[in-house]
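Colleague: The following block contains the structure, expressed as structure tokens.
The values are calculated or read from the model by the stated rules, or taken from the named source; none is laboratory data. Everything numeric in this text was worked out from a predicted model, so none of it was measured. Cβ atoms come from the backbone with ideal geometry, glycine included; neighbour counts cover every protein chain shown.
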Amino acid sequence: METRDIIFSVVMVFSAFVLVYKLVYGTKESIHGDPVIVMSAVILIGMLAILFLSVGERLRRMEEAINEKERSLRVSLQSVEEEVRNKVDAATRGLNETREAIVKRGYR
């Protein structure tokens, strides 16, 4: 989790607190503000911030897993490519030897 994400979460919770506080206690008509409403709003925004952080962390882990599998697949493909190249080279050498043997027999 990056420091930037934590700072954004704290700012989000603080701004929610200020907004709800102003809405509940800021008007002159409301004689009695309800602190439960303020705390509920702050907790709700805090949970949303944690949810966003959790989703971001999960996406980061999935991206790392995909990158790791991609690297593994790339290495496997290189290994298969080398193996196929070696077999094709061996087959080509065998065909060339056979061709040369046939050519030598044909000229005798």
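Colleague: Among the residues in the stretch 63-76, are any surrounded by 10 or more Cβ atoms within 10 Å (Cβ to Cβ), hydroxyl-bearing (Ser, Thr, Tyr) and more than 18 Å from Tyr21 (Cα to Cα)?
Modeller: yes
Colleague: Additional query: Would you be able to say whether some residue in the stretch 50-58 is at pLDDT below 75 and surrounded by 10 or more Cβ atoms within 10 Å (Cβ to Cβ)?
Modeller: no
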